[in-house]
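Below: the structure, in structure tokens.
The values are calculated or read from the model by the stated rules, or taken from the named source; none is laboratory data. Quantities reported herein were computed from a predicted structural model and do not represent experimental measurements. Virtual Cβ from ideal backbone geometry, glycine too; neighbours counted across all protein chains shown. Accessible surface areas use protein heavy atoms only, side chains included; no ligands, DNA or RNA. Shrake-Rupley method; radii C 1.70, N 1.55, O 1.52, S 1.80 Å.
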Amino acid sequence: GPFKEMVRAAGVEFRHKIDPTKDMRGWPELGYMVGLQAARLDNPVILATRYQTVAQLAFHVPQKPEVLYVNDGTRRANAYDLWEWPPLDNRMVLYVNEQNVLPEAVKGRFNQCEPWTPLQVEQRGITVRQAFIWVCWTRILS
């Protein structure tokens, strides 16, 4: 982007930890990778516990699946807390977290959650974005 070009022109190289653009990096690639995982399931819902993750995945996952937010109890309230959830019985849910943690607020909503493929986006040999994924479901027998 323009900032990066300006920085490079000034001869400055940021280390990743202090790079002011780091929060923007890797989302298009991660969205695509989450989309590949979602495509393996029938009509899945994507779930996250960070509103930033929900927003980025809603924008960057190609198939535009439903993306839901659940507050894990450690976050301040935000607009996503007001969204109503569709019925999730007999529907697969991909829970995406940037940390390798499955919060009770997620696990407690489903009969079962299983770890799925972890994802990693690298740029110039540095991991700029990672995600740990679980597949969760509640099977209602009719």
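One table, with the values for the structure above:
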read-out: Region 83-100 residues that are on the phi > 0 side of the Ramachandran plot, paired with ones that are open to solvent by 20 Å² or more (accessible area, probe 1.4 Å) and among the aromatic types (Phe, Trp, Tyr) (beta carbon under 9 Å, 6 or more apart); value: ASN90/TRP137
read-out: Residues being among the basic types (Lys, Arg) and touching a strand residue (DSSP E or B) at 6+ places or on another chain (Cβ under 9 Å) - total across region 76-106; value: 1
read-out: Region 88-142, subset among the small types (Gly, Ala, Ser) and within 18 Å of the chain's Cα centre (by Cα), residue modelled with the highest pLDDT; value: ALA131
